[in-house]
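For reference, the structure discussed in these notes is given below.
The values are calculated or read from the model by the stated rules, or taken from the named source; none is laboratory data. Fair warning: this is a prediction, and the values are worked out from it, not measured in the lab. Backbone-built Cβ (ideal geometry, glycine too); neighbour counts: all protein chains shown.
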Amino acid sequence: MFVASRIAIAVSIIILIFIPQFASNYVIYVVILAMLFAILTASYDLLTGYTGPLSFCHAAFYGLGAYTSALLTLRTGMSFWQAFPITGIWVFLFAAAVGYPALKIRGHYFAVTTFFFGHFVYLFLLNSRKLTNGPLGLRGIRPPDSILGIDFSSITASYYLVLFFGVLIVGFLHLLVKSRIGRSLVSIRENEDLAESIGINTSFYKVLAFSISAGLAGLAGSLFAHFFRFLHPTDFAWMISEMIVIMALVGGLGTLFGPIIGAGVVKFFLELVRPAPELRFILLSIMLILVLLFEPKGLVGIIRRIRGEK
Amino acid sequence: MDTLLLQIGNGLIIGSIYALVALGINVIWSIADVPDFSQGAIFVVSAYISYFAVTLAKIPYVLALVLGMCVGSFMAFIFERFLYRRWRGAGRVQLLCAIALFFLWTNVVNALWTAKAKMFPAYLKGSMFGFSYMRIAVVVVAAILFVLVYLFIMKTKIGKAIRAASQESEAAQVLGININTVNSVVFMLGGALSGAAGVLVSPLYAIFPTMGDLPLLKALVVVILGGFGTVGGVLICGLGLGVLETLGAGYLSSAYQHGYAFVILIIVLTFLPKGLFGKV
């Protein structure tokens, strides 16, 4: 990695650390959501950007994580600190079970199937009234219990909690894509048959990437549940999956940090049209079409072009 | 009237809508290699335009149907000419673009005419065997359109070119078939069918911006299950899905009426990852 990129990352983390010191609660709130979406887009990038399969159901895993974590704490009296890892593992295993048959499907079929899966999860959340309280939404979720004397019911504490796990997750993803596993994933993206022929167990690695990506989305969901403390199925409908795809593409797929930048930039533009919420998705789809037309590699592609790399 | 028969009848009615949308998507998918999500938006926009034509301009319903088909055709033509055509061969970009268009137009409709459902005025009164004439009209018009499309693909010269291009695109071009023309024609055909489906379904339910979502998803399932290139396969799968879904809603759980298609899709694709007919 270039020195400039390292400096950029360090500076952004420092800025993120100091934001709550001077920003208003509204800004902190928006940045928390942007960071949650950054976790989602970064984990989405592992599957679609690095491994290849185009998926449209990331919000489904986000929602599963959010509801799992909320219900674990509400129904069993678990604390957030117990529910958080359990949620991650459960969504990981669930995705492995779904992904194993689904990833045998290739190309457009897989994309359409994930689209359906996302809708199916949404229907499940909406209709299982006894479990999820359906369209009325799930209330009364507790903030994480205080540890080390930090009270997590305040917005600033939530901010640092999300930032902490966000940096941890992105760091993990960075190590993962630089590792042998990451190189195997890229080889699958570039040419699946060739990867198979040189002895890479492609179906194993695809399921692995799918499950890790889903598990991390589940963790983001858990953080969201205990920060926002109210869950509604529409927060995890297919539009949200679509939003994750657009954020990742705007940033630049297959670059890990691109999708994170994308999440921030898109969230910023969405906040500009906050007074007119019906324009949000119009803006998003126009952004997607513009990216496809002019710079399929996204913002990272633009940065690279300015710096004169290929 | 027996409830079971009534439900099968309703299943066939909604199934013929799925089959209409699926037929267009099927032809487009087999020629242009893109699951054209934007047909879902065309479905909605045509329904709204014909609604305004009927309520504001007071034109007769039959003309509104034709208008809806023209609007659908035109939109699909524009999408193909100015967007999909740039990325021929890059299926992933086309798919993303299709989804963006679907997303864009549903939300444009939402912004222009609000999410509030509008009631399409009834154009026919009375009923037969427990089905209103309007419901029967859906099946009749769908059947006519199916026959016309079948004749178009099997009997006309351009239909022959479409069939050739769907089997072997490059060889077809070598033989002098203009692939651009073929693409334009299939997109316009698809748009017209989706437009017709949108206008046909609106008097039965209400019209609202997200009315295209479910028919689109069901049509995609029908295309994947029904195989490519066969008008009959699409018809059977479309009607079959409509009936299964209505029966499932009646006898199992109505909450999951729109989930059955997914369950069927997963079961079939688990055992036959390339769909029932194994192309692509």
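Below is a table of values for the structure above.
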read-out	value
Candidate set: the stretch A:122-167, residues that are small (Gly, Ala, Ser) and over 30 Å from residue B:262 (Cβ atoms); chosen: the one modelled with the lowest pLDDT	A:149
Check on residue B:262, modelled with pLDDT under 85, on the phi < 0 side of the Ramachandran plot and either outside any helix (DSSP H, G or I) or touching a strand residue (DSSP E or B) at 6+ places or on another chain (Cβ under 7 Å) (or both)	no
Any hit, the stretch A:2-16, residues being hydroxyl-bearing (Ser, Thr, Tyr), in a helix (DSSP H, G or I), in contact with a Ser or Thr (Cβ under 9 Å, 6 or more places away or on another chain) and touching a residue at least 60 places away in the same chain (Cβ under 8 Å)	no
Qualifying helices (runs of 4 or more DSSP H) (wholly inside the stretch B:122-223; at least 2 residues being closer than 19 Å to residue B:238 by Cβ)	B:133-155, B:179-201
Residue match in the stretch B:67-79 (condition: within 14 Å of chain A (Cβ to nearest Cβ) and either part of a loop (DSSP other than H, G, I, E, B) or within 30 Å of residue B:181 (Cα to Cα) (or both))	yes
Residue among B:106, B:114 that is within 14 Å of another protein chain (Cβ to nearest Cβ), among the hydroxyl-bearing types (Ser, Thr, Tyr) and surrounded by fewer than 20 Cβ atoms within 10 Å (Cβ to Cβ)	B:114
In the stretch B:31-79, residue modelled with the lowest pLDDT [restricted to those that are of a type in the set (S, T, N, Q) and within 14 Å of residue B:203 (Cα to Cα)]	B:55
Matching residues, the stretch A:115-139, being within 11 Å of chain B (Cβ to nearest Cβ) and not aliphatic (A, V, I, L, M)	A:115, A:116, A:117, A:118, A:119, A:120, A:122, A:124, A:127, A:128, A:129, A:134
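Conditions tested, residue by residue: (1) more than 13 Å from every other protein chain (Cβ to nearest Cβ); (2) within 22 Å of residue B:78 (Cβ to Cβ); (3) over 18 Å from the mean Cα position of the chain (by Cα); (4) surrounded by fewer than 24 Cβ atoms within 10 Å (Cβ to Cβ).
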residue: B:166; (1), (2), (3), (4): yes, no, yes, yes
residue: B:179; (1), (2), (3), (4): yes, yes, yes, yes
residue: B:188; (1), (2), (3), (4): yes, yes, no, yes
residue: B:195; (1), (2), (3), (4): yes, yes, no, no
residue: B:204; (1), (2), (3), (4): yes, no, no, yes
residue: B:219; (1), (2), (3), (4): no, yes, no, no
residue: B:230; (1), (2), (3), (4): yes, no, no, yes
residue: B:254; (1), (2), (3), (4): no, no, yes, yes
residue: B:261; (1), (2), (3), (4): no, no, no, no
